[in-house]
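Worksheet: one structure, shown below.
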Amino acid sequence: MTIPPPPVPSSPAAVPVAPATSRRGFLRRAAPWALSVVLVAAAWGLIQVQKHEDAPYESFVSSTTVGERAETRNLSVTVTEVHAARSVSDGQRWRAEGTWLVVDFDAAALDDQFGALLATTDLRLGDRTYSATERGDTAKSMVLVTGVPRHGSIAFELPEGALTGPATLVFATEYDTSADGVIEVSVDLDDVPMQNEVELDPVGWAR
Amino acid sequence: MGAECSLPAWRSSARTGERHALRSSLYAVPVGEQQEAEPATPAVADAATRAASEARMAAWARKMTDRVPTGWLISGAGAILLASTAAFGGLADVPKPKPAELHAGEHFIGSELDMSVVSAAVGGEVKGAGVTPDVGEKTVVVVLDVTNEYTAPRTVRAKDTLGGIQLDGIETHRYDVNRVVDGSGASFLQPDVPTRVRIAWTVAGEAVSPGDEIRIMLPDSTRFTGSFVGRGEYWYDVRPGAYVTVTLDEIPSVDEEAP
């Protein structure tokens, strides 16, 4: 492949270079660079304010504390009491040793009773998530009634020595809480005295 | 007609097919009126200079690229590739890690579960086992200590957890998992909480008898965190992680509790 010889440049004398023209030429060359820099900076800024990838799936959180009522989509929960215990029983046949966190609460549906149950009852402690135990007769997956709170207890089986520091109880009416409302109750486990034995409240109407 | 009147003039004339000359300066510039006015405006001279400098640049770039020894580079890269392949053992298959061979009491960590077989036993109908053998069948009960080492609860009966435990070479029919401490059905393993479970299978009567050595396969798998199109945690590539050799004890009679 051959390259055509470069055209003979016209003599400089033939082109009168006025200062105004050169300044305009400089501006014309600088403008795209300046615009590019501005656009790159704008793109960087856009990335900074952008939400992370899973942001559309984040839950709508109603935060509360022990003793205070909180509401979310079709669920209201009041945690009435939190106990730490070395052993737990449901007052009937089941009794278990270990490290337990027992949570007494009232819960009701808000608008729709159809299929309403307390599907998610989790405890977030440090980087771990625990679900309420399926052992014994507890209020795990309790059926909810619209407007009329029911009372019950759930229990969390934890590793030994885990009952310390801040923790969060999570309540929701769905198993998958993405893009749905959840109630989060913060508890400081250092403030919860350890008891030898705690009996779960039977599931019934709240008083 | 009113709608047509509101159209721009050029459009309506195109519609109606009127043969008007395009008078707008947007479409046509009469040739020979302005271009030939001055022979060497600064703009034209500028363009010529720029073209010249671009051509010089192109020539220089071509000269430089011609100096790059492409052939040598390709041969060298090929030689490096072959040499590194040979250095790492050629194209032979990498030997797969063999499942560990263990005995009762030894711990195996697979699928992010710490598992340790305590004992195994065989009997007829075993109370509390959760499964009832048919006529001519027996119940094999394996007692296992398990601790979930992941940060969230794991279901018990999934293929990547205790549901993946098998008796090597023995066909099993029914299956159940209970906690030893209270006999409750085990559904979830909470993080870091050690649990002793009783896994029961029904097997054909002639498949096992007390005193036999059986090999219990503990599963291993790899965790995958969904992102972009997937969400959540999955354990995939479930594979045998360890074989635990245990001698089968005998569970004496129907009324006896499983070990």
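Where a number appears in this text, it was derived from the coordinates with a stated rule and is not lab data. Computed from a predicted model, the values in this text were never measured in an experiment. Using ideal geometry, Cβ is built from the backbone for each residue, glycine included, and neighbour counts are taken over all protein chains shown.
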Table column - 3J(HN,Hα) (Hz), the stretch A:122-130, Karplus curve with 6.51, -1.76, 1.60, x for Gly and Pro: 10, 10, 9, 9, x, 9, 9, 10, 10
Computed E for residue A:195/residue A:168 - FRET, C-beta separation, R0 25 angstrom, nearest 0.05: 0.70
Pairs of Lys in the protein assembly as shown closer than 28 Å at Cα, counting only those 8 or more apart or on different chains: 7
FRET efficiency, residue B:181 to residue A:46 (Cβ-Cβ, R0 60 Å, nearest 0.05): 0.60
Cβ neighbours within 10 Å from other chains - mean over A:156-163: 3
Lys, Arg +1 and Asp, Glu -1 on Cβ, resulting dipole of the protein assembly as shown about Cα centre, debye, nearest 20: 3860 debye
Burial order of peptide ranges B:48-57, B:108-117 (average beta-carbon count within 10 Å, highest first): B:108-117, B:48-57
For the stretch B:237-243, Karplus couplings with θ = phi - 60° (6.51, -1.76, 1.60), whole Hz, Gly/Pro x: 6, 5, 9, x, x, 7, 10
Long-range amide H partners of residue B:220 with built H, under 5 Å: B:239, B:241
Helix-only CD estimate at 222 nm, as mean residue ellipticity for the protein assembly as shown, using -39500 (n - 2.57) per DSSP H run (n ≥ 4): -6500 deg cm²/dmol
Helix A:19-49 vs. chain A, principal-axis angle (Cα, 0 to 90°, nearest 10): 10 degrees
Averaged over A:25-34, number of beta-carbon atoms from partner chains that fall within 10 Å: 0
Sites residue B:55 and residue B:149, calculated FRET efficiency, Cβ-Cβ separation with R0 56 Å, nearest 0.05: 0.25
Amide H within-cut-off set for residue B:106, under 5 Å, with H built and near neighbours excluded: B:117
Leading residue at positive end of dipole, the protein assembly as shown (Cβ point charges), from A:146, B:91, A:87: B:91
Label-point separation, residue A:36 to residue B:43 (7 Å along Cα→Cβ), nm: 2.5 nm
Amide H partners (placed H, <5 Å) of residue B:161, local residues excluded: none
Using θ = phi - 60° and Karplus 6.51 cos²θ - 1.76 cosθ + 1.60, couplings along the stretch A:88-100 (whole Hz; Gly, Pro as x): 9, 9, 9, x, 10, 9, 9, 8, 9, 8, x, 10, 10
Residue-averaged beta-carbon neighbours from other chains (10 angstrom radius) around B:47-54: 3
